[in-house]
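Q: Dumping the structure here so I can ask a few things about it.
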Amino acid sequence: MTARIQLPAKAKKGEVVEIRVLIQHPMETGYRHDDVGHLIKRNVINVLSCRYNGVEVFRADLSSGIAANPYVQFYTVADKSGELEFYWIDDEGQQGSERQSIQVGA
Amino acid sequence: MRRRQFLAGVAALPAAALAQVDPLDPLVWVVTNGAPVKQGKVTVELPQLADNGNSVPIRITVDSPMTEADHVKSIHLYSEKNPVRNMANFYLGPRAGKAEVNSRVRLAGSQKVTAVAKLSDGSFWYDTASIVVTLSACLDES
């Protein structure tokens, strides 16, 4: 699973930064049928979590009500230079993670 | 009953009767544990019309200073007509800085979308937005 995560590389201390996450995933609803009429099993990303230097700052429980290739945009306060770690898991147990570093200046 | 009291009562009725969040809805109950859900503070932004329900941009904002003492704990998103009505839950905290979440949802038909926010003081707030979906997200064949 590939993902595109956008956040500013540099920020001032205390600044609210925007984080945009776009994950490549079909988000199969479990209500569709394939060509021979079999139901396609549900496979959606259940959990998406963002940790900032090890502390969870955002978490989302997603369902089949979220569009394919889920996009989530949220905010966090830049307090220290470090790493933002993104983690997600789908119904089939496939996990994905991504790391991005942020430089926080005075 | 005096006429003035009666009129005031009648005027107050529709607001309560038309409350769009049913606190007894089991999906809402799981979150609120029966606490009242008031309208306000939350804003749900959806386009008025979507040609295709497969991907509809949505923005949820909550009027909150997002400090340690007063912040949004979670935002719960409900659809009126989707087979899975609880579309998403977002968990925020004082570290979020700004109580706003953007995403894209799937909608099965024209409906109302509701967001319920849980604040750190234990109160619950909601807002709804209506949308007309021309082609709903497919439930059967694609």
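Only the coordinates and a few stated rules stand behind these numbers; no lab work does. Note that the structure is predicted; figures quoted are calculated from it, not measured. All Cβ positions, glycine included, derive from the backbone under ideal geometry; neighbour counts span all protein chains shown.
Q: Using modelled amide H (1.01 Å from N, peptide plane; none on Pro or chain starts), what sits under 5 Å from the amide H of A:ILE40, excluding residues fewer than 5 places away?
A: Amide H neighbours of A:ILE40, under 5 Å, 5+ apart: A:ARG32, A:HIS33, A:ASP34.
Q: Turning to a different aspect of this structure: Give me a single rounded figure for A:30-36: the average over its residues of other chain Cβ atoms within 10 Å of their Cβ. Mind showing how you got there, number by number?
A: On the way: counts 3, 8, 5, 3, 2, 1, 0.
Taking all residues of A:30-36 together, the mean is 3.
Q: Then there is this: Please state, to two decimals, what the Cα-based radius of gyration of chain A comes to when divided by 2.2 N^0.38 Å (N = residues).
A: Ratio of Rg to 2.2 N^0.38 Å for chain A: 1.25.
Q: Right, another one. Counting only other chains, and only Cβ atoms inside 10 Å, what mean value do you get across the residues of A:51-60?
A: The per-residue average across the peptide is 4.
Q: Moving to a separate point now. Just tell me how shielded B:80-91 is by partners: mean number of partner chain Cβ atoms within 10 Å of each residue's Cβ, no decimals.
A: 5
Q: Calculate the length of the line joining the C-alpha centroid of segment A:45-85 to that of segment B:40-92, in whole Å.
A: 15
Q: Which whole-number percent gives the relative contact order of chain A, counting Cα pairs below 8 Å spaced six or more residues apart?
A: 32
Q: Hey, fewest Cβ within 10 Å first, where do B:ARG2, A:ARG4, A:ARG32 land in order?
A: Least crowded to most crowded, the residues run B:ARG2, A:ARG4, A:ARG32.
Q: Given a Förster distance of 45 Å, report the FRET efficiency between A:ARG99 and B:SER110 from their Cβ-Cβ distance, rounded to the nearest 0.05.
A: Working: r = 41 Å, r/R0 = 0.91.
The computed FRET efficiency comes out at 0.65.
Q: Another question, then. Enumerate the amide H contacts of B:MET66 below 5 Å, restricted to partners 5 or more residues apart or on another chain; note that Pro and chain-start residues carry no placed amide H.
A: B:VAL72
Q: Also, I was wondering about something else. Classify the protein assembly as shown as rounded, prolate or oblate from the Cα gyration tensor: take a ≥ b ≥ c as the square roots of its eigenvalues, call it rounded if a/c is under 1.5, otherwise prolate when a/b beats b/c and oblate if not.
A: On the way: a/c = 2.26, a/b = 1.18, b/c = 1.92.
Taking the square roots of the gyration eigenvalues as a ≥ b ≥ c, the protein assembly as shown is oblate.
Q: Let me ask another. Below 13 angstrom from the Cβ of B:TYR91, what's the summed charge of the other residues (Lys, Arg +1; Asp, Glu -1)?
A: Working: positive: A:ARG51, A:ARG59, B:LYS73, B:ARG95, B:LYS118; negative: A:GLU56, A:ASP61.
Charge balance near B:TYR91 sits at +3.
Q: For the residue pair A:ARG32 and A:GLU18, what label-to-label distance in nm results when each label sits 7 Å from Cα along the Cα-to-beta-carbon direction?
A: 3.0
Q: Sticking with this one: Please arrange B:VAL113, A:VAL47, B:VAL44 by counting, for each residue, the other beta carbons lying within 10 Å of its beta carbon, fewest first.
A: Working: B:VAL113 24, A:VAL47 13, B:VAL44 20.
Going from least to most buried by this count: A:VAL47, B:VAL44, B:VAL113.
Q: Label A:ASN46 and A:ASN69 with points 7 Å out from Cα along Cα→Cβ: what is the distance between them in nm?
A: 2.6
Q: For the cross-link pairs A:LYS12/B:LYS118; B:LYS38/B:LYS81; B:LYS73/B:LYS112; A:LYS41/B:LYS41; B:LYS81/B:LYS118, which exceed 27 Å when the distance is taken from alpha carbon to alpha carbon?
A: Exceeds cut-off: A:LYS12/B:LYS118; A:LYS41/B:LYS41.
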